[in-house]
1. If I filter region 84-101 down to residues being in contact with a Leu (Cβ under 6 Å, 6 or more places away or on another chain) and part of a strand (DSSP E or B), which single residue comes out as least open to solvent (accessible area, probe 1.4 Å)?
2. Here is a list: Leu168, Leu164. Which entry is under 30 Å from Ser14 (Cα atoms), modelled with pLDDT under 85, aliphatic (A, V, I, L, M) and loosely packed, with under 11 Cβ neighbours inside 10 Å?
3. Filter region 318-369 down to residues that are farther than 19 Å from Phe234 by Cβ, in contact with a Phe, Trp or Tyr (Cβ under 8 Å, 6 or more places away or on another chain) and of a type in the set (Ser, Thr, Tyr) and give me whichever is modelled with the lowest pLDDT.
4. Got a sec? Which of Lys37, Lys74 is out of contact with any helix residue (DSSP H, G or I) (no Cβ under 9 Å at 6 or more places or on another chain) and more than 18 Å from Phe119 (Cβ to Cβ)?
5. Hey, among Leu28, Leu36, which residue is touching a residue at least 12 places away in the same chain (Cβ under 8 Å) and surrounded by 16 or more Cβ atoms within 10 Å (Cβ to Cβ)?
6. Inspect all residues belonging to region 287-295 and state whether any of them is among the basic types (Lys, Arg), buried (at least 17 other Cβ atoms within 10 Å of the Cβ) and either at negative phi or at pLDDT 85 or above (or both).
7. With respect to Lys144, determine if the residue is farther than 30 Å from Tyr31 by Cα and either open to solvent by 20 Å² or more (accessible area, probe 1.4 Å) or aliphatic (A, V, I, L, M) (or both).
8. Scan region 277-310 residue by residue and report those that are over 45 Å from the mean Cα position of the chain (by Cα) and over 12 Å from Phe383 (Cβ atoms).
Amino acid sequence: MNKDERKALISFLSIYVGSVILLVGLLLYFYYKNELKSVAEHCNMQMSNAANEIKSQILNSYMNKQDLKPIKLKHKDIQYALFDENKKLIFSNMHKEQELTLKKNLYETQEYTYYVTYFYEKNIPIRYIAIQTCTGVQDKNKLKIIMVLILIFSSIFVGFIAYLLAKLLLKPVREKVESMDKFIKDSAHELNTPILVLMTSVSMLKKGKNPEKMMKYIISSSKQISQLYNDIHFSTFEKNDESLEEEFCLSELVSHSVEYFNDISITKNITIESSVEPCKIKVDKNKMQKVVNNLISNAIKYSHNNSKIIVTLKDAVLTVQDFGIGISKEEQAEIFKRYKRGNNNEGGFGIGLDIVKQIVKEYNLNLSLKSMENEGSLFSIDFTKVLV
């Protein structure tokens, strides 16, 4: 992962994770506030019930003329204290009695919640009942811990999901960038050969050495550069343009292409043999020229030196056969994809067959390939559907 990809990934994660955590945090905050009220209400109810239980016990004891004995409350986490009218302690099983004050009806310290109620009955000296419990504070602390843990695990989960999403989103972009980077490198390599031949031929021509041969090389190199430029231009700007369909003779177009590429094949001493029958079709002529040119150009690129190429047009089927390096079965499934090449040691950008595939698909023509490694390839296109 390069610097720009890391920067994009960090930016995406920061915005996505930050916004989700903020949303989750707000939801947890409102939930926490609501739960605090529920915890407080539950705690208050427990203490109120405990106070009523103590009152009932006191009344029963005095009505039965029994000595008041400390009772055991149902809730083990609740302690209490009893005071007389002068706020003098009568009984207590509380912890940290120094925190207790009878001036407040309900309050909370770091460890306990206190509830004080006034009790008035004639002939009964008890006037104040104070209740102490730790459940309210403990429940609130547990709630805080749960909220923090939820936020932490939510952040980790969201971060993990965001990372996976970012990787999925960046993957096609990365592949596209890598393909373009490879394309630029290949284009520099591909253009280098005809330009070098062109410059060498011009230099030799100036010196008057073998002018006829040098002129052939100049024409061949110029046509190669022109073909490369046309492929790039078409693939970039013209592929989605509206088609201008017209009736024309395909055999004439094929013959013109064969004549055109004869000047290019001379650099590898390749002979192009052609056999064409009259065939009139109705399609975009410019696009069909691209199809034929790229099939012949591809055959030249992947043919051995001193070999031949056979171009035939019979029964509305165009075939271009070479006897070059061939294409393996694995590569045949990929060969029509953009920037894919049959062999990385050979020339080509990997866009020629992509152009062929796109145009053939546009007119719903049948394109087939037969190839064996080290024996050559045979491309066929059936034009029956566009015959006039």
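The values are calculated or read from the model by the stated rules, or taken from the named source; none is laboratory data. Keep in mind it's a predicted model, so treat the numbers as computed, not measured. Cβ: placed from backbone, ideal geometry, glycine included. Neighbour counts: every protein chain shown. Ligands, DNA and RNA are stripped out before the accessible areas are found, and what is left, the full protein with its side chains, is counted by its heavy atoms. Shrake-Rupley method; radii C 1.70, N 1.55, O 1.52, S 1.80 Å.
1. Here the answer is Phe91.
2. Values: Leu164 fails: modelled with pLDDT under 85.
Answer to the selection: Leu168.
3. Going through the qualifying residues, I end up with Ser368.
4. Values: Lys74 fails: out of contact with any helix residue (DSSP H, G or I) (no Cβ under 9 Å at 6 or more places or on another chain).
Just one listed residue meets the conditions, Lys37.
5. Working: Leu36 fails: surrounded by 16 or more Cβ atoms within 10 Å (Cβ to Cβ).
Testing whether each residue is touching a residue at least 12 places away in the same chain (Cβ under 8 Å) and surrounded by 16 or more Cβ atoms within 10 Å (Cβ to Cβ) leaves just Leu28.
6. Taking every residue of region 287-295 in turn, at least one turns out to be among the basic types (Lys, Arg), buried (at least 17 other Cβ atoms within 10 Å of the Cβ) and either at negative phi or at pLDDT 85 or above (or both).
7. No; evaluated as a whole, the condition is false for this residue.
8. In the first step, residues of region 277-310 are kept if they are over 45 Å from the mean Cα position of the chain (by Cα); the result is 277-280, 305-308, 310.
Of everything in region 277-310, those that are over 45 Å from the mean Cα position of the chain (by Cα) and over 12 Å from Phe383 (Cβ atoms) turn out to be Pro278, Asn305, Asn306, Ser307, Lys308, Ile310.
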